[in-house]
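Below: the structure, in C-alpha cells.
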Amino acid sequence: MKLVADLHVHTVASGHAYSTVLENARSAAEKGLELIAITDHGPAMPGGPHPNYFSNLRVLPRTLFGVEILKGAEVNIIDADGGIDLSPRHLKYLDVVLAGFHGDCYPSCSVEENTRTLVNAIAGGQVDIIVHPGNPAFQIDVVQVVKAAIEHNVLLEINNSSLLGLSRKGSRENCILLANTAARLKTKVSLGSDAHFACLVGDLGAGVQLTQEAGLADEQIINISLEAIRDFLRLRGRKRYMSSAPQI
C-alpha cells in the first residue's frame, strides 16, 4: 500500500519537537510524500504556541519542495463538553483540525466520562480528526466513539508513534480494537506519524500493518490519495485560505 500523505506532523513551535516546517517538508519530499499537515499543539499544552501562531499560518506557502502543506493544529480537549483550546477566530484559518486528550491539559476520568467527552468533541463540529484514541491513559468505549465519528464524518487516527511505543506506551491493544471496529463498521481512518523530528515524517509502516491485519480496505484509509483527503475536507466545510505567499 502506498500512502501519499502524513496528516500529523509537529514542528519546533509545539515546544517539544525538534524540526522546522522546511525540514519536515524536505524530509517528506525525500520520502516521496505528496502532502503533509503541519499540526502543532494548541496553546494549552505546556510550551505550546500562542493562538496567533495558528492564524499566522496563512503566510506559509501552499507547497514546499513539491509537497502540499496543510495548515493545521492538534488542539487539546480541555473540558467535559469536548471544548478545545483554539477559538473560531483562529480555527477559521486552518485547513484541518486534529484534537485529542493530553494529560497536561485534561485529566483522565472513567471510561464513561472519557467517552462522553470525546463524543462531545466529535459532535462539536470543529474537529476533523481525533488523534491517538487508543491512548491507554484515556480509556474509552471504542464502539460508541466509532459510531459518533461515522455520524459526524470525523476521522479516527491510527497513530504510528503510539504503535512504536515512542509515546503512549501500551496503546497497541486499544489500537487493534479501534482498527477492527473501524473495519467492521466500514468507517474511514487517518494515519499519522505524530512526528516530532523530521526523519520520522512519513513513518507510517506500523499503522499500515495494523490496518491490513484488521482487514481495513484501502478506500477506508484517507491517506491513500490526495483526492480522498480533499473530498473529506470539502465535506467537512474546510475552505482553504489562499495565501499570496510564493511557491517554493
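Read the figures in this text as sums done on the coordinates, not as results from a lab. Since the structure is predicted, the reported quantities are computational estimates derived from the model, not experimental observations. Here the Cβ is made from the backbone with ideal geometry for all residues, glycine too, and neighbour counts use every protein chain on show.
Pop a pseudo-label 7 angstrom from the Cα along the beta-carbon direction at both His152 and Asn120 and give the gap in nm to one decimal.
1.1
From Cα pairs below 8 angstrom and at least 6 apart in sequence, can you work out the relative contact order of the range 5-235, rounded to a whole percent?
Reported as a whole number, the value is 20 percent.
When every alpha-carbon pair in the chain is counted, what percent end up more than 22 Å apart?
48
Cα-Cα over 26 Å: which of Lys31/Lys239; Lys92/Lys186; Lys188/Lys239?
Lys31/Lys239; Lys92/Lys186
Can you compute the FRET efficiency between Lys31 and Arg240 using 1/(1 + (r/R0)^6), with r the Cβ-Cβ distance and R0 = 35 Å? Round to the nearest 0.05.
Calculated value: 0.90.
Straight-line reach from Lys2: which aspartates and glutamates have a Cα under 13 Å away, not including same-chain ones fewer than 8 places off?
Glu34, Asp203, Asp218, Glu219
Find how much the distance from Gln209 to Tyr93 grows on full extension, using 0.36 nm per residue of separation minus their present alpha carbon separation; answer in nm with one decimal.
Length difference between fully extended and current span is 38.4 nm.
To make sure I understand, if each residue's beta carbon is the centre and we count other beta carbons within 10 Å, what order do Ile158, Ile176 fall in, fewest to most?
Exposure proxy ranking, most exposed first: Ile176, Ile158.
Amide H neighbours of His132 under 5 Å, at least 5 residues apart or on other chains, H built in the peptide plane: list them.
Glu157, Asn159
Give me the Å³ per residue figure for the convex hull around the C-alpha atoms of the range 169-234.
So the per-residue Cα hull volume is 99 Å³.
Got a sec to turn the phi values of the range 142-158 into Karplus ³J(HN,Hα) couplings, 6.51 cos²θ - 1.76 cosθ + 1.60 with θ = phi - 60°, whole Hz, x for Gly and Pro?
So the Karplus estimates, Gly and Pro as x, are 4, 4, 4, 5, 4, 5, 5, 4, 5, 4, 9, 6, 10, 8, 9, 8, 9 Hz.
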